[in-house]
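Visitor: The structure that follows is given in the form of structure tokens.
The values are calculated or read from the model by the stated rules, or taken from the named source; none is laboratory data. Just so it is clear, the model here is predicted, and its values are computed rather than measured. Cβ: placed from backbone, ideal geometry, glycine included. Neighbour counts: every protein chain shown. What goes into the accessible areas is simple: the full protein's heavy atoms, side chains included, and nothing from ligands, DNA or RNA. Shrake-Rupley method; radii C 1.70, N 1.55, O 1.52, S 1.80 Å.
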Amino acid sequence: MKTALLLAWRSLAYYKVRTLLLVGCVALVVLLPIAVQLLVGAQSRALQARAQATPLVAGAKGSRYDLVLNGLYFRGRTPALTSMAELDAVRATGFAEAIPILARARARGRPLVGTTPDYYRFRGLRAARGTLPLILGDAALGADVARELNAKVGDTIGTDQPNLYDLGLNYTMNLSIVGVFAPTGTADDNAVFVDLKTAWIVDGVGHGHDPKATDDTVLKREPDRIVFNEKVRKHERITPKNLRTFHFHAPPAELPLTSILVLPHEDKSATKLKGRYRVSKTGQLLVPTGVVAEILGFVFQVKRFFDAHVALVGAATALFLVLIALLTVRVRRREIEALRRLGASRFAIARIFGTELALAVSAGAILGALGGVVVFLLWMS
Amino acid sequence: MNGARIELKGAAYRYDALVRVPDLSLAPGEAVACIGPSGCGKSTLLDLAAGIKVAHDGEVSYDGEPWRALAETDRRRRRLHEIGFVFQEFELLDHLTVKENVALPLMLQPERADAESEPIAALLDAAGVGAFATRRPRHLSHGERQRVAICRALAGTPRLVLADEPTGSLDPDTARRVLDLLLSFVRDRGATMLAVTHDHGLLDRFDRVISFDQVSGSGAPAGNETAGGTA
Ligand SMILES: Nc1ncnc2c1ncn2[C@@H]1O[C@H](COP(=O)(O)OP(=O)(O)OP(=O)(O)O)[C@@H](O)[C@H]1O
Ligand SMILES: [Mg+2]
């Protein structure tokens with residue numbers, strides 16, 4: 001055995017290109033399935049953990065997935081909008097606490113989440129530096145966002161312009177960073193948090209401008225309103241000085257939300273709330289664990305196809321290895337013949353070549369596995 | 001350790017045509033040279049003597065036992081344990097060092113795989129290639145490679161040494177020195193040796209010389225072509 005190992009190792013070390021090709025080929029075949037396995041495992045665990053930590057989520061009738069993804073992870077398509085009226089309705093039942101979320105706009109590519117201090121308390125979000133974003137125009141960053149943007153308290157963060165052709169609807173606002181949250185390992189690390197009012201302004205529901213109406217700035221005067229021309233610049237940054245000029249044009253109850261986290265006071269109240277929503281024409285109340293299990297069901301169904309593909313590629317690779325073993329006998333006939341002439345048995349020769357192949361394949365598999373872990377870690381960070 | 005007894009009687013091996021080799025009887029401890037023109041069958045003779053090839057005709061015996069009567073495994077084992085062969089083309093492995101190449105016959109025997117490396121170093125020194133112990137055969141001259149091949153044949157302290165033109169690539173001085181090494185090794189241990197050579201100046205060193213010329217027309221019996229094939 002020692003001899004086989006030595007001869008195999010010497011051959012692998014001497015014929016470097018051949019060895020590298022073999023090891024690399026196996027490594028590449030192994031790398032992706034391992035990375036995917038780790039990623040799917042980690043992501044599904046994270047999704048489930050978040051769902052378990054969120055008893056109920058309410059919103060407008062529409063896609064269940066959009067609502068849960070938005071309310072829990074600030075991801076996916078914006079769900080049908082609900083409103084403050086819905087929030088008030090839940091609170092009015094006295095069955096549950098309700099936390100509003102408006103997660104529609106983005107800042108530097110990250111979801112911009114408007115909510116209230118209740119949210120931070122509920123999620124256990126703690127400002128590692130600075131304070132919570134309680135004032136109009138203030139923002140606090142999730143841990144990952146702060147790290148990736150290398151942003152600190154006192155900097156500003158600009159919101160993204162979602163629609164370049166509709167400048168009137170909403171426009172880039174510069175928010176002051178007043179805090180950075182401690183990392184939680186959840187979707188909160190990758191979001192920018194603002195007060196609900198700030199989110200509405202960013203969303204274009206409210207704005208601020210100089211209230212001066214002069215001949216220079218007025219486009220037309222109607223009995224009940226004045227329309228300004230574009231010379232009236234909307235403020236792009238909320239400062240203590242212009243804070244008062246910001247205002248909303250919609251009645252408070254109609255101000256939009258994307259989702260509402262519902263925290264029932266007890267099991268019975270949850271049941272009662274569900275009963276109410278069952279007959280609601282406009283709203284829906286979801287149990288996130290159920291919806292997430294459904295989503296993961298799809299994911300794992302797709303993963304099964306991937307696994308089957310991996311199995312096929314693995315089988316093809318195994319066949320290739322057999323082919324290589326067969327070709328080896330031809331290509332290295334001289335070496336085999338020398339060993340035969342010296343008196344080596346067929347078994348001894350097969351063991352030498354088998355060891356060589358096994359060493360190369362194991363090295364490839366180990367390298368591929370390590371590579372898979374590295375890809376996984378890079379992806380997660 | 002006593003040398004092996006080799007006997008060939010009317011032996012012939014069939015490639016495309018039948019190649020006949022001279023009758024031959026080597027007593028234990030005898031050192032015999034074999035001469036003959038190119039292509040006459042000298043290498044074939046050595047292969048037959050070593051049991052690498054089995055005669056299609058006639059009989060080749062090792063210690064009184066016909067190779068033909070032995071199973072392939074036994075022929076192989078005997079070759080590995082008792083015969084040292086200097087191949088005409090050396091058959092060194094490129095990926096092993098000189099020292100490992102020489103130790104290869106020992107490494108292939110599980111019970112001797114952990115043999116001391118000193119005798120091998122001494123052997124390499126005696127052949128004048130001790131300085132190349134850790135080099136690959138590729139990085140040696142032809143003559144140096146030939147001496148490595150000789151060391152490999154002797155490493156297992158064989159009872160029979162078969163050498164196919166062991167001094168073919170060496171200058172006269174080195175040839176003489178290397179042949180002396182071979183012969184002193186064989187004589188010290190009482191081993192038997194059969195060497196093919198074209199070097200007529202060295203023939204006086206051997207106990208006996210057999211020539212292929214004697215075989216031509218000697219008409220070994222034909223017809224008995226039952227067993228045969230390459231080992
Ligand atoms: N594998 C083979 N296939 C067909 N014919 C072969 C084979 N090996 C040897 N022969 C033939 O057998 C005859 C004897 O070959 P052998 O190698 O024994 O000669 P030799 O005396 O060793 O020659 P040299 O002195 O050139 O080494 C030659 O005619 C050769 O052509
Ligand atoms: Mg020859």
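Visitor: Could you tell me how many degrees, from 0 to 90 and to the nearest 10, lie between the Cα long axis of helix B:172-189 and the main elongation axis, the longest principal axis, of the Cα atoms of chain B?
Guide: 80 degrees
Visitor: Hey, what number do you get for chain A at 222 nm if only DSSP H runs of n ≥ 4 count, each worth -39500 (n - 2.57), divided across all residues, to the nearest 500?
Guide: About -16500 deg cm²/dmol.
Visitor: With every protein chain kept in the model, how would you rank B:His56, A:His249 by accessible area, 1.4 Å probe, largest at the top?
Guide: My answer, sorted largest first, is A:His249, B:His56.
Visitor: So what is the calculated 222 nm ellipticity per residue for chain B, using -39500 (n - 2.57) for each DSSP H run with n of 4 or more, over all residues, to the nearest 500 deg cm²/dmol?
Guide: Using -39500 (n - 2.57) per qualifying helix, the result is -9500 deg cm²/dmol.
Visitor: I've got another one for you. Interface size between chain A and chain B, please: total buried accessible area, 1.4 Å probe, rounded to the nearest 100 Å².
Guide: Heavy-atom accessible area buried at this interface is about 2200 Å².
Visitor: Per residue, how much accessible surface does segment B:6-227 expose to a 1.4 Å probe? Answer in Å², no decimals.
Guide: Per-residue value: 40 Å².
Visitor: In degrees, nearest 10, range 0 to 90: what is the angle between the Cα axis of helix B:72-82 and the longest Cα principal axis of chain B?
Guide: 50 degrees
Visitor: Right, another one. Which whole number gives the average, over all residues in A:3-9, of C-beta atoms from other chains lying within 10 Å of the residue C-beta?
Guide: Per residue, the average neighbour count from other chains is 4.
Visitor: Here is a further query. Angle check, please: helix B:98-107 long axis (alpha carbons) against the longest principal axis of chain B (alpha carbons), in degrees 0 to 90, nearest 10.
Guide: That works out to roughly 50 degrees.
Visitor: Which aspartates and glutamates does A:Lys2 reach when only Cα atoms under 20 Å apart count, and residues fewer than 8 places away in its own chain are ignored?
Guide: A:Lys2 reaches A:Glu335, A:Glu356, B:Asp94, B:Glu100, B:Glu111, B:Asp114, B:Glu116, B:Glu118.
Visitor: A follow-up question, please. So how exposed is B:Asp188, as accessible area in Å² (1.4 Å probe, rounded to 10)?
Guide: Around 120 Å² of this residue is reachable by solvent.
Visitor: When all protein chains stay in place, what accessible area (Å², nearest 10, 1.4 Å probe) is found for A:Tyr73?
Guide: Per-residue accessible area (A:Tyr73): approximately 20 Å².
Visitor: Kindly give Rg over Rh for chain A, based on alpha-carbon atoms, with the Kirkwood expression for the hydrodynamic radius.
Guide: Expressed as Rg/Rh, it is 1.21.
Visitor: Can you report the principal axis dimensions of segment B:68-226 using only the alpha carbons, biggest first, rounded to whole angstrom?
Guide: Dimensions of segment B:68-226 along the principal axes of its Cα atoms: 50, 40, 30 Å.
Visitor: Which helices count as membrane-span-like in chain A under these terms: full DSSP H, at least 20 Å along the axis by C-alpha, Kyte-Doolittle mean of 0.5 or more?
Guide: A:16-52, A:288-331, A:346-380
Visitor: Roughly how crowded by other chains is peptide B:105-115, in terms of the mean Cβ count from those chains within 10 Å of each of its Cβ atoms?
Guide: 3
Visitor: What is the Cα centroid distance between segment A:314-370 and segment B:64-134, reported in whole angstrom?
Guide: Spelled out, the Cα-based centre of one part sits 23 Å from the other.
Visitor: Once you mark the GluC sites (Glu not before Pro) that are in a DSSP loop and have at most 15 other Cβ atoms within 10 Å, what is the longest gap between them in chain B?
Guide: B:117-224
Visitor: For B:Ala33, what charge total do you get from the other residues with a beta carbon under 15 Å from its beta carbon, if Lys and Arg give +1 and Asp and Glu give -1?
Guide: Local charge sum for B:Ala33: -3.
Visitor: Here's another thing I want to ask about it. Which order do the peptides A:289-301, A:362-374 take when ranked by the mean count of other beta-carbon atoms within 10 Å per residue, highest first?
Guide: Peptide ranking by packing, descending: A:362-374, A:289-301.
Visitor: While we're on this one: Run the numbers on segment B:88-104: which residues show a drop of 40 Å² or more in accessible area, chain on its own versus all protein chains together, using a 1.4 Å probe over heavy atoms?
Guide: B:Glu91, B:Leu93, B:His95, B:Glu100
Visitor: Oh, and also: Please compute, for peptide B:45-52, the average count of beta-carbon atoms on other protein chains lying within 10 Å of each residue's beta-carbon.
Guide: Neighbouring Cβ atoms belonging to other protein chains average 1 per residue here.
Visitor: For chain B, with a Gaussian network of springs between Cα atoms less than 10 Å apart, report the residue from B:Val19, B:Val86, B:Val102 with the top mean-square fluctuation.
Guide: Result for chain B, Cα springs under 10 Å: B:Val19 fluctuates most.
Visitor: In terms of Cα to Cα distance under 13 Å, which aspartates and glutamates are near enough to A:Lys61, apart from those fewer than 8 places away along the same chain?
Guide: Within the straight-line limit of under 13 Å, A:Lys61 reaches these aspartates and glutamates: A:Glu86.
Visitor: Using a 1.4 Å probe on the protein heavy atoms only, what accessible surface does A:Lys2 show? Give it in Å² to the nearest 10.
Guide: Counting only protein heavy atoms, the figure is 140 Å².
Visitor: Count the net charge of all other residues whose Cβ sits under 15 Å from the Cβ of A:Leu149, scoring Lys and Arg as +1 and Asp and Glu as -1.
Guide: Result for the neighbourhood of A:Leu149: +1.
Visitor: Next question. Where is the GNM fluctuation largest for chain B (alpha-carbon springs, 10 angstrom cutoff): B:Leu106, B:Leu70, B:Leu160?
Guide: B:Leu70
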